[in-house]
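The values are calculated or read from the model by the stated rules, or taken from the named source; none is laboratory data. Bear in mind the structure is a predicted one, so any value in this text is a computation, not a measurement. Note: ideal-geometry Cβ built from the backbone for every residue, glycine included; neighbour counts use all protein chains shown.
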Amino acid sequence: MPDTSTDGGVDAAQRRALVALLRAAYPHARFPDGPYERTADAIIGQAQGDLWHRLQLSEGLATLDGRAEGDGGFAGLDQAAALSVLREIEDAPFFRFIRAAAVVALYDDAEVHELLGYGGPSFEQGGYLHRGFDDLDWLPTPRVEEYDGPEQLVEVAPDDVPAPTSTQGASA
Amino acid sequence: MTTDPNQRSDADRLPSQQDHYGASIDHDEPVVVIVGSGAGGGTLAYELTAKGVPCVVLEAGPYLMPEDYHNDEWASFQQMAWLDARTASGPYRVARDFPNLPAWVVKAVGGSTTHWSGATPRFREHEFRTRTYYGEVEGANLLDWPIGLADLEPYYDRAERAIGSTHRHGRPPLPANNNYKVFANGAEKIGYKFYATGPYGTNAEPYDGRPASIQDGFNFQGDKSTAKWSTAVREIPRAVATGKCDLRPSSQAVQVTHDASGHVNAVLYVDGAGNLHRQAATVVCVAGNSIESPRLLLMSASSLHPDGLANGSGQVGRNYMRHLTGSVYARFEQPVHMYRGETMAGIVADEARQDTSRGFVGGYYLETLSLGPAFLAAFADPGGWGPDFTDVMDAYQNTAGLWIVGEDMPQEQNRVTLHPSVTDQWGLPASDVWFADHANDEAMRAHGYSRADLMYEAVGAVGVHHTPPYPATHNLGTCRLSARPEDGVADGWGQAHEVPGLFISDGSAMTSGAAANPTLTIVALAIRQAEFIADQLGKGGL
């Protein structure tokens with residue numbers, strides 16, 4: 001087991017490794033570093049409050065560096081190599097902890113919402129009523145009323161109508 | 001997902017909270033005590049107090065006002081979701097991905113009508129008679145309801161008027177939003193006929209003192225505009241205004257007690273500070289949703305009812321249903337912006353029928369559904385990561401979504417029990433929810449996925465993603481109605497077979513779950529039950 005700092009902190013190299021891990025695990029070409037860095041800080045913050053997760057995170061990140069060949073450590077790997085290291089440790093508790101926290105923090109980020117094309121809070125702006133709730137124009141505008149043509153919805157297919165004399169439990 | 005039961009939601013710290021709202025009813029005065037203020041309890045409170053019957057409403061959660069609601073998925077979840085200790089177990093995937101969140105339901109005045117989306121289809125006649133129509137299905141505990149569609153039809157009318165369902169009683173349809181445009185065009189292309197933007201419990205035009213939808217896209221977060229019906233914006237304020245209703249938020253029911261003759265006589269409950277109170281009762285209506293209601297009865301075991309109150313049949317907590325469910329998110333080459341507008345104002349009814357040539361009994365609806373990136377990331381493929389996962393997220397803007405909601409089989413083994421060691425913040429045993437899919441559920445879900453794929457591919461989808469069932473929003477069947485006492489918990493009026501004065505007043509009463517979203521039927525049953533209770537009280541029959 002590698003030495004683990006006892007001051008409760010994750011050092012700068014480990015934070016860099018965590019950011020690299022997040023980018024490899026959640027690869028979005030459009031995302032700058034900001035969302036990944038904020039997510040890393042959220043994970044580190046969450047680990048601070050929990051000795052077990054803190055130890056696991058610190059040890060796990062050190063292990064990642066150990067698995068990465070070359071001088072740059074995990075943060076120096078290209079995306080394919082980083083992904084392949086992560087696949088090897090998919091079930092490691094520290095990676096599970098990271099994923100559980102990351103999937104909340106990364107996608108609850110205002111910049112990410114904008115990058116993904118999500119409009120977010122709308123009530124204060126009058127909803128989307130006058131801001132594009134129906135602006136899709138590559139399909140025709142469909143009927144909104146219920147069908148009133150000649151067909152009837154057959155609630156029970158003819159073959160599934162129970163025999164008229166049958167009662168509960170009969171002719172199953 | 002943060003589901004730490006020790007973490008109190010911000011709602012518990014709202015400065016506006018009062019100990020109670022409306023009438024001050026003495027704790028020693030025996031009245032109708034309603035546990036829960038959602039679709040069932042909130043409706044009962046209004047219907048009974050409007051007839052002059054005094055009621056105490058015990059609601060475990062806070063009284064959130066529309067201005068308190070958040071346009072933010074996680075903030076809203078923390079504000080109103082039921083996060084007290086619970087466990088999920090059994091082979092279903094929710095037990096692995098969300099072991100402390102078997103259900104996504106609301107702990108607040110208004111209950112889960114606060115976050116319901118609004119679809120209001122009625123049950124069909126054969127869905128009240130599943131044992132007759134579906135026959136013997138191995139592993140399923142099918143039973144006909146003691147009532148049928150004809151009994152409920154007048155109350156469905158009243159429920160639709162209360163809710164203001166679109167497409168019903170002169171209420172106009174909602175317009176087509178972007179997600180519906182994709183959904184309905186796909187439906188039409190593959191030959192479906194029975195699609196529309198409703199019936200749906202949100203105003204397309206001002207109605208009943210509430211405004212028209214502003215298409216804000218936050219149905220699940222409470223709808224700040226109040227265009228959406230909930231008992232928090234309609235029945236509860238009206239009940240309080242009668243002067244006959246004593247609404248007590250932050251009041252967790254602990255036990256229902258009875259006198260020596262076996263008639264209910266009180267409800268014990270704990271307030272927000274942890275103090276235990278006793279409210280005397282002539283009638284107790286249990287409407288805490290299908291996990292809390294059986295939990296309360298199981299916690300109310302007595303010498304007369306050693307296995308839990310009203311549980312001589314052994315059916316309390318059993319036959320837990322959560323609706324079939326599954327979602328499909330389809331990616332297109334052009335923008336959709338599914339999040340804009342009413343979340344579920346799109347319904348295809350063509351598969352909501354009994355036709356075993358499809359390979360299963362029962363039927364399902366397809367309904368539009370949208371999640372924001374935060375919830376899509378949490379629920380699209382729980383635990384998912386890597387490029388396949390981020391492809392789904394990267395396509396967010398160009399994604400359309402729908403929900404499959406269908407009838408799942410009641411099974412005795414699917415069950416709410418008191419956990420032997422996990423307790424809530426009061427030291428009370430937490431509920432454990434054990435669930436396994438039935439083979440019929442799996443066959444129906446596979447059919448639903450395939451039909452949804454066809455719909456979306458017919459309008460140009462370049463990829464589809466199948467999302468597994470979420471923590472349950474529809475929780476049903478754990479205190480079911482039955483004609484015979486040995487088959488279930490309560491009779492056709494919802495009165496417990498074995499306990500005079502005790503009523504089951506929520507979705508736990510459902511003998512079978514049908515394909516339809518349950519809220520309309522819960523409201524209809526509650527209006528009918530309120531008439532019965534008021535009538536019986538007038539005659540001295542309770």
Practice item. Would you be able to tell me the number of residues in region B:188-217 that are facing chain A (nearest Cβ under 7 Å), out of contact with any strand residue (DSSP E or B) (no Cβ under 7 Å at 6 or more places or on another chain) and part of a loop (DSSP other than H, G, I, E, B)? Key: 6
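Every residue, every condition in (1) more than 16 Å from B:Asp28 (Cα to Cα); (2) in contact with a helix residue (DSSP H, G or I) (Cβ under 8 Å, 6 or more places away or on another chain); (3) at pLDDT 95 or above, yes or no:
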residue	(1), (2), (3)
B:Gly217	yes, no, yes
B:Asp246	no, no, yes
B:Val256	no, yes, yes
B:Asp259	no, no, yes
B:Val264	no, no, yes
B:Leu276	no, no, yes
B:Glu292	yes, no, yes
Review point. Which one of these does B:Gly243 not meet: (1) crowded, with 24+ Cβ neighbours inside 10 Å; (2) more than 10 Å from every other protein chain (Cβ to nearest Cβ); (3) not in a helix (DSSP H, G or I)?
Key: (1)
**Study point:** So B:Gly61, is it buried (at least 23 other Cβ atoms within 10 Å of the Cβ) and either within 21 Å of B:Leu418 (Cα to Cα) or free of Cβ contacts under 8 Å to residues at least 60 places away in the same chain (or both)
**Key:** yes
**Study point:** Matching residues, region A:113-144, being within 30 Å of A:Ile44 (Cα to Cα) and either in a loop (DSSP other than H, G, I, E, B) or more than 25 Å from the chain's Cα centre (by Cα) (or both)
**Key:** A:Gly117, A:Tyr118, A:Gly119, A:Gly120, A:Pro121
Review point. Somewhere in region B:399-408, is a residue within 10 Å of another protein chain (Cβ to nearest Cβ), touching a residue at least 60 places away in the same chain (Cβ under 8 Å) and touching a Phe, Trp or Tyr at 6+ places or on another chain (Cβ under 7 Å)?
Key: yes
**Study point:** Filter result for the condition that a residue is at the interface with chain B (Cβ under 9 Å from one of its Cβ atoms), under 30 Å from A:Tyr36 (Cα atoms) and aliphatic (A, V, I, L, M), over A:Val154, A:Val112, A:Val85
**Key:** A:Val112
Study note, to complete from the structure: Residue count, region B:293-339, condition among the small types (Gly, Ala, Ser) and without any contact (Cβ under 8 Å) to a residue 40 or more places away in the chain, comes to 4
Review point. Cβ-Cβ below 9 Å, separation at least six or inter-chain, first residue in region B:483-503 and of a type in the set (S, T, N, Q), second assigned to a loop (DSSP other than H, G, I, E, B): which pairs?
Key: B:Gln495/B:Gly501; B:Gln495/B:Leu542
Practice item. Could you list all residues from region B:259-314 that are of a type outside the set (A, V, I, L, M), over 24 Å from the mean Cα position of the chain (by Cα) and under 18 Å from B:Asp432 (Cα atoms)? Key: B:Asp307
Review point. How many residues, within region B:220-231, are touching a helix residue (DSSP H, G or I) at 6+ places or on another chain (Cβ under 7 Å) and either more than 20 Å from B:Ala45 (Cβ to Cβ) or surrounded by 22 or more Cβ atoms within 10 Å (Cβ to Cβ) (or both)?
Key: 8
Point to revise | Selected residue (only one of B:Ala352, B:Ala374 is over 30 Å from B:Ile504 (Cα atoms) and facing another protein chain (nearest Cβ under 9 Å)) | key: B:Ala374
Exercise for review: Spot the failing condition for A:Asp71; the list is (1) closer than 30 Å to B:Thr130 by Cα; (2) more than 7 Å from chain B (Cβ to nearest Cβ), and only one is missed.
Suggested key: (1)
Check your understanding: Residue check: is B:Ser421 part of a strand (DSSP E or B), buried (at least 23 other Cβ atoms within 10 Å of the Cβ), of a type in the set (S, T, N, Q) and modelled with pLDDT of 95 or more?
Key -> no
Exercise for review: Give the number of residues within region B:108-165 that are within 13 Å of B:Ser512 (Cα to Cα), of a type in the set (Lys, Arg) and without any contact (Cβ under 8 Å) to a residue 24 or more places away in the chain.
Suggested key: 2
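Quick grid of which residues meet (1) within 20 Å of the chain's Cα centre (by Cα); (2) within 14 Å of chain A (Cβ to nearest Cβ); (3) surrounded by fewer than 24 Cβ atoms within 10 Å (Cβ to Cβ); (4) modelled with pLDDT of 95 or more:
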position	(1), (2), (3), (4)
B:Val33	no, no, no, yes
B:Ala45	yes, no, no, yes
B:Cys55	no, no, no, yes
B:His70	no, yes, yes, yes
B:His115	yes, no, no, yes
**Study point:** Long-range neighbours under 7 Å by Cβ, at least six apart or interchain, first residue free of Cβ contacts under 8 Å to residues at least 40 places away in the same chain and facing another protein chain (nearest Cβ under 7 Å) within region A:134-150, second in a loop (DSSP other than H, G, I, E, B) and exposed (fewer than 13 other Cβ atoms within 10 Å of the Cβ)
**Key:** A:Trp138/B:Gln334
Review point. So which helices (runs of 4 or more DSSP H) stay within region A:1-112 end to end and still have 1 or more residues that are closer than 24 Å to B:Met393 by Cα, in contact with a Lys or Arg (Cβ under 9 Å, 6 or more places away or on another chain) and of a type in the set (A, V, I, L, M, F, W, C)?
Key: A:12-25, A:33-48, A:79-88, A:93-107
